[in-house]
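A quick write-up on the structure given underneath.
The values are calculated or read from the model by the stated rules, or taken from the named source; none is laboratory data. The shown structure was predicted, so the numbers you read here are calculated from the model rather than taken from an experiment. All Cβ positions, glycine included, derive from the backbone under ideal geometry; neighbour counts span all protein chains shown.
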Amino acid sequence: MPFILLFACLSMAYTGADLINRPANSWVAFPLTQMQRVVPSASDYPNIYAVEGPSCVIDCWCGGVFDSKRNRLVVWGGGHNGYFGNEIYVFDIDSLKWTRFTEPSANPNLCGQTNSDGTPNGRHTYGGLAYISHADRFFGCGGAPACPGGGCGMNITWTFDFTSKRWTNRSPSGTGPGTWCEDNCAYDSVTKKVYYFDGRLGFYSYDYDANRWTELNSSITRYNYASVVDPKRRLLLNIGHGEVWAYDLNSATPAGVLWNTTGGSMFIAKGAMGLAYDSKSDRIVGWHGGDVYTLNCDTKAWTAYTAANAPAPNANGTYGRWQYVPRYNAFICVNRIGDNVYFYKLTAGNGSAVEKKGPEAADVEGACIVVTDVRGKVVARLKGGKKVSWNGRSAAQGVYVLQWIGDGRVLANKKIVVIR
């Protein structure tokens, strides 16, 4: 007899417009947006899975950047004995879809900096990533290598060309960071420089056009902080462990001033938080679990925002996987490969461009239940009125996940087992 499941329909499925129309101070998670749906299989790449596998791309102290040209989040990570892969992932915010943008090096050079194919070794990337917008390059430096024995000190300056899909070892001139674990940096579009804090010692700037590092301060130690640029006030903020440091980017050699801020002591006490500048509210906005915090750089006051349905924090850091998306006036948050992608709206309304409806959203129009296998592959999209059913006769024996979709997010998950 056929294997049939029957469910009550909770609501219509989301569309991309749901993000634009979300109210202020609200979270939303879009269904079918788990990164695990596009990770490489262990059978195809037997030498890279290590102890944790692709979950380490996020969980192992790893970050990301916002590609403002293409409106997407770029995620890169791995490292130590967790995962040896070095592939890049991108999440297109218009289509709400993940892509494994590059393939991992099949035979990584463990504990080295460069693989035999000329690509960088996989690593904990921390806050050492940036998007150099004027050159359209993804920048990475520092981190902890794919190496069973651990270690830090990845001091090669790498950039990645999205068009050719090629990495380049820049071999810059000047005095650059020695690099350590927990480095952090931020790109400034006016000076066209990446400002970089070595987690162990030193403050530096990198000029892509001149291909040169400059040492700005050799005695600063900012282990596990986070950096963000306020473009309106021309400030670089470096925040963490109870401190807020401000650097005047109008100066050729910016010197830090320690700010006495109010209202955010619980937030700034953390490290590895996500920070981004919101051009609509003119605030620095941060998250590392729980409340969202905003900083008014004129009054030096933090404000906490509590909202329902926030994702659980990742204990190993948020880093650049929290970014502001001007087109939709929302913040993207990617927290685990098995979780859907979350967005947070601080203020209501549109962003700087008309919202597009992605093909993935169109595919699930009207669905109330989505059935996936344990790797996230969709095996059924169920549409209907008050009730929908799935005939699992053709499904292989195994575990399946049922996602109840409503209000633009997954309201509940349930696992079932098909037994023959």
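When the residues of segment 114-134 are filtered to those that are exposed (fewer than 14 other Cβ atoms within 10 Å of the Cβ) and not hydroxyl-bearing (Ser, Thr, Tyr), which remaining residue is farthest from Asp188 (Cα to Cα)?
Looking at the filtered set, the residue picked out is Asp117.
From Leu249, Leu236, which residue is closer than 28 Å to Asn169 by Cβ, surrounded by 17 or more Cβ atoms within 10 Å (Cβ to Cβ), in the same structural domain as Phe66 (by TED's automatic domain parsing) and over 25 Å from the mean Cα position of the chain (by Cα)?
Leu249
Tell me which residues, restricted to segment 293-302, are touching a Phe, Trp or Tyr at 6+ places or on another chain (Cβ under 7 Å) and surrounded by fewer than 16 Cβ atoms within 10 Å (Cβ to Cβ).
Of everything in segment 293-302, just one residue is touching a Phe, Trp or Tyr at 6+ places or on another chain (Cβ under 7 Å) and surrounded by fewer than 16 Cβ atoms within 10 Å (Cβ to Cβ), namely Lys300.
Mind checking which residues of segment 320-350 are farther than 20 Å from Pro231 by Cβ and among the aromatic types (Phe, Trp, Tyr)?
Tyr342, Phe343, Tyr344 - these are the residues of segment 320-350 that are farther than 20 Å from Pro231 by Cβ and among the aromatic types (Phe, Trp, Tyr).
Would you check if Arg327 is surrounded by 15 or more Cβ atoms within 10 Å (Cβ to Cβ), outside any loop (DSSP other than H, G, I, E, B), in the same structural domain as Val65 (by TED's automatic domain parsing) and among the basic types (Lys, Arg)?
Criteria met by Arg327.
For the structure I just gave you, tell me whether Asp278 is in contact (Cβ under 8 Å) with a residue 60 or more places away in the chain and within 25 Å of Thr157 (Cα to Cα).
Spelling it out, it is not the case that Asp278 is in contact (Cβ under 8 Å) with a residue 60 or more places away in the chain and within 25 Å of Thr157 (Cα to Cα).
Determine whether Ala130 is in contact with a strand residue (DSSP E or B) (Cβ under 8 Å, 6 or more places away or on another chain) and either of a type outside the set (Phe, Trp, Tyr) or in a loop (DSSP other than H, G, I, E, B) (or both).
yes
Of all residues in segment 157-188, which are more than 21 Å from the chain's Cα centre (by Cα), surrounded by fewer than 18 Cβ atoms within 10 Å (Cβ to Cβ) and β-branched (Val, Ile, Thr)?
Answer for segment 157-188, where residues must be more than 21 Å from the chain's Cα centre (by Cα), surrounded by fewer than 18 Cβ atoms within 10 Å (Cβ to Cβ) and β-branched (Val, Ile, Thr): Thr168, Thr175.
Conditions tested, residue by residue: (1) at pLDDT below 95; (2) at positive phi; (3) surrounded by fewer than 18 Cβ atoms within 10 Å (Cβ to Cβ); (4) not hydrophobic (A, V, I, L, M, F, W, C).
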residue	(1), (2), (3), (4)
Gly16	yes, no, no, yes
Gln34	no, no, no, yes
Asp44	no, no, yes, yes
Gly63	no, no, no, yes
Asp67	no, no, no, yes
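State whether the residues of segment 220-232 include one that is on the phi > 0 side of the Ramachandran plot, at pLDDT below 95 and touching a strand residue (DSSP E or B) at 6+ places or on another chain (Cβ under 9 Å).
yes
Can you tell me which of Tyr206, Tyr195 is in contact (Cβ under 8 Å) with a residue 40 or more places away in the chain, buried (at least 23 other Cβ atoms within 10 Å of the Cβ), under 21 Å from the mean Cα position of the chain (by Cα) and not in a loop (DSSP other than H, G, I, E, B)?
Tyr195
Being more than 16 Å from Val370 (Cβ to Cβ) and surrounded by 17 or more Cβ atoms within 10 Å (Cβ to Cβ) is the requirement here; does Val39 meet it?
Here the answer is yes, as Val39 does meet what is asked.
Mind checking whether some residue in segment 213-226 is assigned by TED's automatic domain parsing to the domain that holds Thr175, buried (at least 23 other Cβ atoms within 10 Å of the Cβ) and closer than 28 Å to Lys280 by Cα? First the steps, then the outcome.
Just the residues of segment 213-226 that are assigned by TED's automatic domain parsing to the domain that holds Thr175, to begin with: 213-226.
If we keep only those that are buried (at least 23 other Cβ atoms within 10 Å of the Cβ) too, we end up with 222, 225-226.
Now drop any that are not closer than 28 Å to Lys280 by Cα, which leaves 225-226.
Yes, because at least one residue in segment 213-226 is assigned by TED's automatic domain parsing to the domain that holds Thr175, buried (at least 23 other Cβ atoms within 10 Å of the Cβ) and closer than 28 Å to Lys280 by Cα.
Report yes if some residue within segment 332-342 is free of Cβ contacts under 8 Å to residues at least 60 places away in the same chain and more than 30 Å from Glu215 (Cα to Cα); otherwise report no.
yes
Looking at segment 55-89, which of its residues are more than 18 Å from Ser41 (Cα to Cα) and touching a Leu at 6+ places or on another chain (Cβ under 7 Å)?
Gly63, Gly64, Val65, Phe66
What strands (runs of 3 or more DSSP E) completely inside segment 29-107 contain at least 3 residues that are closer than 19 Å to Asn329 by Cα and assigned by TED's automatic domain parsing to the domain that holds Asn340?
The strands (runs of 3 or more DSSP E) meeting that bar are 63-67, 72-76.
How about segment 272-292: which of its residues are crowded, with 19+ Cβ neighbours inside 10 Å and either within 22 Å of Leu129 (Cβ to Cβ) or among the hydrophobic types (A, V, I, L, M, F, W, C) (or both)?
The first filter runs over segment 272-292 and keeps only residues crowded, with 19+ Cβ neighbours inside 10 Å, leaving 272-277, 283-288, 292.
Scanning segment 272-292 gives Ala272, Met273, Gly274, Leu275, Ala276, Tyr277, Ile284, Val285, Gly286, Trp287, His288, Val292.
Considering segment 288-330 alone, what residues qualify as being among the aromatic types (Phe, Trp, Tyr), within 12 Å of Gly264 (Cβ to Cβ) and touching a residue at least 40 places away in the same chain (Cβ under 8 Å)?
Once the filter is applied, which keeps residues that are among the aromatic types (Phe, Trp, Tyr), within 12 Å of Gly264 (Cβ to Cβ) and touching a residue at least 40 places away in the same chain (Cβ under 8 Å), segment 288-330 yields Trp302, Tyr305.
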